[in-house]
Every structure is written in structure tokens, then in C-alpha cells.
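Notes follow once the structure below has been shown.
No value in this document is a laboratory result; all are computed from the given coordinates. Being a predicted model, the structure only gives us computed values, none of them experimental. With ideal geometry, Cβ positions are generated from the backbone for all residues, glycine too; neighbour counts draw on all protein chains shown.
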Amino acid sequence: MQTVTRILRTLLFVAISMAIVLPASGCGSKKKSKKKGGGLTIAQQLEKAKAEKTADKQAKAMVKVARQQLSSSDKSGAIATVTEARKLIAADGDPNLTGPGLVEVAGFMAELGEKKQAREALDAAKVAAGKVEDALRKARILASIGAIYGSKEKGLSDSKAAGDSLAAAAEAAKSVEERFRAEALGEVALGYTGAGLSKEAGEMVSELEKSAMALEDARAKAEGLAAAAAVQGQLKNEDAAKKLLASALEAAQAVERFDSKAYALIAVAKGYAQLGDKTKAEEIFEEADVAANKTPEADQQQAAIEMVRKTMGEMKIKSKK
């Protein structure tokens, strides 16, 4: 009888163990997979990335998958994915799309240490940028190329190639219409800082500040001054950055259209967050949220609100609401 009792107890223990273990393994694996790729396998994520409609979106999506592979210690898989992404970008495609796509691919190739492939992609991106007609877009692409060429940490550490691309970016920026010129100059200045060319970045930010201060449009002035502050912050000139942000905030608060005011305030709040002043950033983000909610047009109101929340998330700042 005792033997039977022991057997029954053993069987009961096994049954209970199975009841605990089986659901845990099933649900647990699903939760874990959702943390990376939303529950999709790498193959499924790649298939989804290739289904994107434009070259730049395909490249961005595939690089995202490759980064996930790298974070999972699958460097060879990451290299294979980003190499495939490069092959998908046609040389005769729309340069407005292929340029940014090539930059996305080149940047990650450089991070992986695939310098030769990264240089080939950057050279191709530079050719594409030369075909772009919009001056602001051209300046942005060339500035990104220059930053990757020059970066010692995540690029090719080629200051000459960086200088050439950034000089071309600066030339393009000067031809941008006045309303958007400060934005273009900001892109170039950040390109110089990314490339480690501090002297040139300083010269560019001086030009950017003058351009921004001369603007009559309050939103454009706010965004231009915030861009200048971002560069000064990267150059470790914190006092200069804070002074610029104070002027940018004054300009942003003078914007009359509520949605435009929200976007201007977002730029300023982001600047404070990047300087590490999260309290001030939170205060201005809340002000931006109020402005966004006062926008009378429903679609524009929703877009402004979403941008406030999205940027707060990127800056890791929680809303009080």
C-alpha cells in the first residue's frame, strides 16, 4: 500500500510539473520573440523589409534587422543582410531615394568593420547626391556621407573624403531658399562634427547662427537657432548652446499658428534634452503639447500631437498626462 501511495505521489508530482513547465515554455518563447521583431523570425522580418516600396525604406528596414542580428551575436548574419540590402539599391534608381538608402547601408557597414564595402556604398551615394535637384535634400545627403567618411569611431576615418563631401554639402546649403537655409546649414555643421572636423564645424555654426538670426519667420528662426545649439552642444560649448536655445524658445513662443508653434517648441525641447536638461525639456514639451491640441484643423492637430509624443519618446521623457 505504501508503495502504491509513493507511486501515486510521484505521478501527481510529474503531472503538476508538466502543467507548470509546458505553458511557461510556450508563452515565454512568444513574449521573448515579441521583444525583437514583433514575434517574427529573422527570415520573416527580411521578407517584410524587402516588401517596402522604396529603396531607402527597404535599406532602412534591412539595416534594422541586421542590427538585431548583431545584437544577438550573429555578426556574419548581419553582414550578409546588409550586403543583400546594398544589392537591392539599383544604380539607376531615383537618387532622392537611393542616396539615403546607400548612406544607411554604408553607415552600418562601417560600424561592422566592412570598410571596403562601406566606401563603395558611400562613393555610390555621393554620385546619387550629385543627381539630386533639391538643394536641401542634396545638402542633407552629402553631409551624412561626409560624417561617415570622417568618423573615427563609426566611419572610415578619411578626413579628406569627408572634407570634400562636406564642402559640396555647404555649397548646396548656400543655394537653399532662405526659409530653409538655416536647416541646411545645420545639417552640414552636424556633418562636420560627426566627421571630427571641429574647426570647420565652428565656422559653419557661426554662419548658421547669422542665417537663423536674420530670419523673419519665427518658426524658421526657432528651428535654425535650435540646430545651431545642437552643433554647439556637440562641440562641448554648453554655455553657447544654452544661450542659443533661450533665443530659440523666445522665437518659438512668438509663432502664431498653433501647429507651427508646436513644431518649433519640439525643436527647442529636443535641444534641451540633448544637453541633459530633462526638466526644461519636459516643460517645453508640455507647452508644445498644449499648442498642438489647440490646432483647429483635426488632421494637422493629430499630426502635431503625434510628433510631440514621438519626440518625447525618442528623448526618453515621460508625459505627465
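In whole Hz, what ³J(HN,Hα) sequence does the range 69-75 give by Karplus (6.51, -1.76, 1.60; θ = phi - 60°), x for Gly and Pro?
Once θ is set to phi - 60°, the couplings for the range 69-75 become 4, 5, 5, 9, 6, 9, 5 Hz.
Kindly give Rg over Rh for the chain, based on alpha-carbon atoms, with the Kirkwood expression for the hydrodynamic radius.
On the Cα set of the chain, Rg over Rh gives 1.13.
Run the reach check for Lys280 against aspartates and glutamates, Cα to Cα strictly under 18 Å, same-chain hits fewer than 8 apart removed. What comes back?
Once the sequence-local aspartates and glutamates are set aside, what remains near Lys280 is Glu223, Glu238, Asp239, Glu250, Asp289, Glu314.
I need the calculated FRET efficiency for the pair Gln300 and Glu250, taking r as the beta carbon distance and R₀ as 30 Å, to the nearest 0.05.
E between Gln300 and Glu250, to the nearest 0.05, is 0.80.
Rounded, prolate or oblate: which fits the range 81-144 when a ≥ b ≥ c are the square roots of the eigenvalues of the alpha-carbon gyration tensor, with rounded for a/c under 1.5 and prolate only if a/b beats b/c?
Prolate, since a/c reaches 1.5 and a/b exceeds b/c.
If I take every Cα pair under 8 Å that is 6 or more residues apart in the chain, average their sequence separation and divide by the length, what percent do I get for the relative contact order?
Once normalised by length, the contact order is 8 percent.
Between the range 38-54 and the range 267-321, what is the separation of their alpha carbon centroids in Å?
31
Just name one of Ala173, Ala59, Val290: the one whose Cα is farthest towards the positive end of the charge dipole of the chain (beta-carbon charges, Lys/Arg +1, Asp/Glu -1).
Of the options given, the answer is Ala59.
Test of understanding: ordering Arg257, Arg219, Arg179 by Cβ neighbours within 10 Å, fewest first, what list do you get?
Ordered from fewest to most neighbouring Cβ atoms within 10 Å, Arg257, Arg219, Arg179 come out as Arg179, Arg257, Arg219.
Let a ≥ b ≥ c be the square roots of the eigenvalues of the Cα gyration tensor of the range 49-126; is it rounded (a/c under 1.5), or, if not, prolate (a/b larger than b/c) or oblate?
oblate
Please state, as a whole number in µm²/s, the translational diffusion coefficient that the Stokes-Einstein equation yields for the range 176-321 at 4 °C and 1.567 mPa s, with Rh defined as the Kirkwood radius across alpha carbon pairs.
Estimated via Stokes-Einstein, D reaches 86 µm²/s.
Please state the shape class of the range 95-216: rounded when a/c is under 1.5, otherwise prolate if a/b exceeds b/c and oblate if not, all from the C-alpha gyration tensor.
Oblate is the answer for the range 95-216, as a/c is 1.5 or above yet b/c matches or exceeds a/b.
If R₀ is 41 angstrom, what is the calculated FRET efficiency for the pair Glu120 and Glu238, using the beta carbon separation as r and rounding to 0.05?
Once the sixth-power term is evaluated, E becomes 0.60.
Using the Cα centre as the reference, give the magnitude of the dipole from point charges on the C-beta atoms of the chain (Lys, Arg: +1; Asp, Glu: -1; all else neutral), rounded to the nearest 20 debye.
2040
Each label point is 7 Å from the Cα along the Cα-to-Cβ direction; what then is the distance between the points at Lys75 and Asp94, in nm?
3.7
Test of understanding: extend the Cα→C-beta vector of Lys320 to 7 Å, then name every residue of the range 251-280 with backbone N under 15 Å from that spot.
278-280
Using per-residue counts of other Cβ atoms within 10 Å, averaged over each peptide, order 41-49, 229-237 from highest down.
Result, highest mean Cβ count within 10 Å first: 229-237, 41-49.
Give, in nm to one decimal, the length gained when the segment between Met307 and Glu133 is fully stretched (0.36 nm per residue of separation minus the Cα-Cα distance).
So the chain would gain 59.8 nm between Met307 and Glu133.
Note down the relative contact order for the range 224-321 as a percent, whole number, built from C-alpha pairs under 8 angstrom at least six residues apart.
24
Taking the Cα centre of each part, how many Å lie between the range 84-99 and the range 146-207?
23
Which entries in Lys131/Lys310; Lys60/Lys294; Lys75/Lys316; Lys210/Lys261; Lys64/Lys243 show an alpha-carbon gap greater than 26 Å?
Lys131/Lys310; Lys60/Lys294; Lys75/Lys316; Lys64/Lys243, as the Cα separations exceed 26 Å there.
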